[in-house]
Each structure stands twice: as structure tokens, then as C-alpha cells.
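Peer 1: Okay, here's the structure, questions in a sec.
Values in this text are rule-based calculations from the coordinates and carry no lab data. The structure presented is a predicted model; accordingly, all values stated were derived computationally and were not measured. Heads up, the Cβs are rebuilt from the backbone with ideal geometry, glycines too, and the neighbour counts pull from every protein chain shown.
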Amino acid sequence: MRAAAPARRNSGKPAPEPPKNLIEVVPKIGVTDVPGEAALRQLPLLDIKTVREVRISTIYEVTGKYSSSHINQIARELLADPITQEYKVERSATPNAFLMGPHVRVEVWLKKTVSDPIGESTQRAITSLGLAEPVRVRTGRAFHFIGRLSKPQIEKLVLKLLSNPVIHLTKVTQR
């Protein structure tokens, strides 16, 4: 008689998280970015006069196992208006609306502990395309400030105009 095989133990490692796919949607060149223009008009109130344009995009973090064609389908058929908006998927070619030259980019995301109703409805809407429901969808905004900004000016922008540290996480990059 053979002995029973020993039971496998859990290695204690958490299961790997499914891939995160980033989709960014921005108004096409030539289409008025109304929220961007409104943000630009607010900058002199913060004593910032070196920015010549502000462009605002919506960013979606779709967590789930999707092929690149599925992610492009989600962006094209669900998230971007083909007449007024362009989109890019992380690691894809950059559309003209994203070619801005040197600028400061500030991403503003809701903290994971804060409800994201747009992310939740987007998560459900993805299934209407005939795709599997994603593990999670988070939404955020990316603010592109075209012009020169000092570190103190960026900090002032983030704290006074773009975010609330109680509910938001921010990421600043200079390009």
C-alpha cells in the first residue's frame, strides 16, 4: 500500500494581482478643453503666470486579464468619443493631442478607500461589450500644465487647486 501524498501547503505568498491597464482620454487638438481653460483662468489667483495652456484628461485603470485588442475596444467603444476625443493605452503610440512638449503632469486619483462611482459604472459597462467583468476600474484625472513651473508652484497647485489630501492621491511628473 502506498502512503498518501503529503498535503500541499500554501506558500504564504499572496496571489499575483491581475494586470493593470491604463487608458487616458483627452480632447482632440482643435476641440476646446473647457475644464482646462477654466483651470488656466484660476492660475493667476495662485500667482502662477508661466503656464500658457492646461489640458485635462480622464484616466482609467482597468484591472483584469485583457488582450491589447480588448483594451483598445474598451477605449474606442466605451470611454472615448470618436468625434471629440483621442485616447492612448499605456505603451501605445501617442496621438497628436498628447504631443505637448515639456510640461508638468499631475495625476489625481481617489484613494482606494473612497468610493469611485464612475469606476464602478465603467466596470459594469465593460461587460455590455461582451467582455469579462474587470476585477476593478479606478478613475482619475491628469492635468497637463504647459509652461514652466517651480517645485513650490507645483506644490501650491496640487494642494490648493487640484486635490484634497483626505480623499486623493497625486503623482507629479515633469516631461
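Peer 1: Can you tell me how much longer the chain between Lys13 and Gln42 gets when fully stretched, taken as 0.36 nm per residue apart minus their C-alpha distance, in nm with one decimal?
Peer 2: 5.6 nm
Peer 1: Here is a further query. I want to check the label-to-label distance for Lys160 and Thr32. Put each point 7 Å from Cα in the C-beta direction and report it in nm to one decimal.
Peer 2: Once both label points are built, they end up 2.7 nm from each other.
Peer 1: Using the structure shown, list the pairs from Lys20/Lys171; Lys112/Lys171; Lys112/Lys151 with a Cα-Cα distance above 23 Å, or answer none.
Peer 2: On the way: Lys20/Lys171 17 Å; Lys112/Lys171 15 Å; Lys112/Lys151 27 Å.
Going by Cα-Cα distance, Lys112/Lys151 fall outside the 23 Å limit.
Peer 1: For the chain, what is the mean residue ellipticity at 222 nm derived from helices alone (per DSSP H run of n ≥ 4: -39500 (n - 2.57); sum divided by total residues; nearest 500 deg cm²/dmol)?
Peer 2: Roughly -5500 deg cm²/dmol at 222 nm, from the helical runs in the chain.
Peer 1: Net charge around Phe143, counting only other residues with Cβ within less than 10 Å of its Cβ (Lys, Arg = +1; Asp, Glu = -1)?
Peer 2: +2
Peer 1: Turning to a different aspect of this structure: Kindly state, to the nearest 0.05, the FRET efficiency for Lys49 paired with Val135, given R0 = 45 Å and r defined as their beta-carbon distance.
Peer 2: That pair, Lys49 with Val135, gives E of 0.55.
Peer 1: Just to verify a number: FRET efficiency for Ile118 and Arg175, C-beta to C-beta distance, R0 = 25 Å, to 0.05?
Peer 2: Efficiency, rounded to the nearest 0.05: 0.45.
Peer 1: Still on this structure: Lys and Arg at +1, Asp and Glu at -1: add these up for the other residues within a Cβ distance under 15 Å of Gln42 and post the number.
Peer 2: That sum, taken over residues with Cβ under 15 Å, equals +3.
Peer 1: Report the charge-dipole magnitude of the chain in Debye, nearest 20, computed about the Cα centre from +1 at each Lys and Arg Cβ and -1 at each Asp and Glu Cβ.
Peer 2: Charge dipole of the chain: 780 debye, to the nearest 20.
Peer 1: Mind checking which of Asn72, Asn21, Asn164 has the largest fluctuation in a GNM of the chain, springs on alpha carbons under 10 Å?
Peer 2: Fluctuation is largest for Asn164.
Peer 1: May I pose another question? Calculate the tail of P(r) for the chain: the fraction of all Cα-Cα distances greater than 28 Å, expressed in %.
Peer 2: Result: 34 percent of Cα pairs exceed 28 Å.
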